[in-house]
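The values are calculated or read from the model by the stated rules, or taken from the named source; none is laboratory data. Being a predicted model, the structure only gives us computed values, none of them experimental. Because the Cβ atoms are built from the backbone with ideal geometry, glycine has one as well, and the counts that use them run over all protein chains shown. Just the protein is used for accessible areas: all its heavy atoms, side chains included, with ligands, DNA and RNA removed. Shrake-Rupley method; radii C 1.70, N 1.55, O 1.52, S 1.80 Å.
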Amino acid sequence: MSENTDIYSSKDYKISRRAYSLECMFEHFIALLVTDAFIAKLLKYFGTSDALCGIISSFISLSFLFQIFSVLIMGRIRHTKRTAIIFHTAAQFLFSCLYLIPFLPIGNGSRRAVFIVCILCAYFGNYFVTNLIYKWGNSFVDPHKRASFSSVKEMVSLFAGMIVSLGLGYAIDKLDESGDLSRGFLLSSICMFLFCAGDFVCLLFIKKDSGEEEKKEMPKLSEIMKNTLGNKNYVHTVVLKCLWWGAVYTTIGFLGTYKQEELFYTLGQIQIINIIGYAGRFALSRLFGRFSDRHGFVRGIQLALIIAAAGFAANVFTAPGTRWLIIVFVLLYNISMAGTYQNMINISYAFVDVKYFVQAAALKDCIAGVFGFFCAIASGRLMSAIQARGNTLFGVTVYAQQVQSVLSLLFVIAALIYAQLALSHKKTMLQ
């Protein structure tokens, strides 16, 4: 057994990996409550339109723009753990405050403004250090088992998330039926504060980065650009992620209201559907990890894109009369996420020197995030136009989300072809 393997088997490394896995779980709990039907329920309480709900739900993509700050100052950060804890915990705290906005003694217009400011600030703190935490947490993982570790970590989050989302979904439904939805929001906020505390404790248990106390020489911007945007293979990964996020943000942010209003599902029923999707992702996550470790991150992404394409194709035909097809879409989309989520991050290890991993991941997320947000804005305008015409397009009765799914399907097909032509045969690095 090599000395390097002994390090990964040490007690400190094992504790750090477990703490990192649990931290991701608590972060996942909070993420569940600021996406999809949960956040749509809150925004509708403020009297927000369907199109605006979708655009606001897509702020996550625009928020990746904040990672540009990490590109500029990451080399000056001397204390990885301290910096990560401060920004990340503050962000999770702000997310927890979102469900307290209904209790503010102001009008709905002002509440929406406060909501937008809070969620943008929360995403800033979160994504400013997200790649820093990712690199820090994964520094305790054997590079030969990185995809497998990511899949197991994801499985832990998914399984626990099923219980949390179902329990809160039904609790909010019951309170809504009794005419006391505000108590449901209060319950959500309390739970999020508890998750925030758990996240904070887990970060404390992760071992310090072994080299964080050493003085670091800040790479010049020209050096960063040369090793990222000057790297053709890296640029290909950026384009690939743009195409994928174009598919995601054209449709996903607009489905929260669609499920509740046009498809007539309750919040509890939506969580059951989501659990079906999470279960599929849970069941195949480890297989995706092993497949990606064996065949590479690019092949893992391609397999996932094929599944995603099938999901969006099913969603094209999802309407009130065929509302059960949303279950097919959610299942296939979540299974595809088992191959796209971690691989889209890990692929930077394959083509970029690990010295520039944080900057490379941040730049990629910034560019893809802005692209995804503009796709969401265009998609929102398309939705408003279709709804203004009584849900018709070229004289045919159709819902906006069906048209959006067609566009997402085209994005996925483009991403699949691009991955094959631009990346599938490129030499990769093991870091």
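General observations
- Criterion violated by residue 400 - all others in (1) at pLDDT 90 or above; (2) surrounded by fewer than 17 Cβ atoms within 10 Å (Cβ to Cβ); (3) of a type in the set (A, V, I, L, M); (4) touching a helix residue (DSSP H, G or I) at 6+ places or on another chain (Cβ under 7 Å) satisfied: (2)
- Count - residues of the range 410-431 that are surrounded by 22 or more Cβ atoms within 10 Å (Cβ to Cβ) and not in a helix (DSSP H, G or I): 1
- Evaluating residue 333 against the criteria (1) modelled with pLDDT under 95; (2) open to solvent by 10 Å² or more (accessible area, probe 1.4 Å) leaves one unmet condition, (1).
- All positions within the range 387-409 that are in a helix (DSSP H, G or I) and in contact (Cβ under 8 Å) with a residue 60 or more places away in the chain: 387, 400, 401, 402, 404, 405, 406, 407, 408, 409
- Residue match in the range 274-281 (condition: touching a Gly at 6+ places or on another chain (Cβ under 7 Å) and within 26 Å of residue 42 (Cα to Cα)): yes
Here's the yes/no breakdown for (1) modelled with pLDDT under 90; (2) surrounded by fewer than 19 Cβ atoms within 10 Å (Cβ to Cβ):
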position: 143; (1), (2): yes, yes
position: 158; (1), (2): yes, no
position: 165; (1), (2): yes, no
position: 168; (1), (2): no, no
position: 175; (1), (2): no, yes
position: 180; (1), (2): yes, yes
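For (1) crowded, with 17+ Cβ neighbours inside 10 Å; (2) farther than 24 Å from residue 236 by Cα; (3) of a type outside the set (A, V, I, L, M), each residue gets a yes or a no:
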position	(1), (2), (3)
311	yes, yes, yes
324	no, yes, yes
345	yes, no, no
355	no, no, yes
383	yes, yes, no
395	no, yes, yes
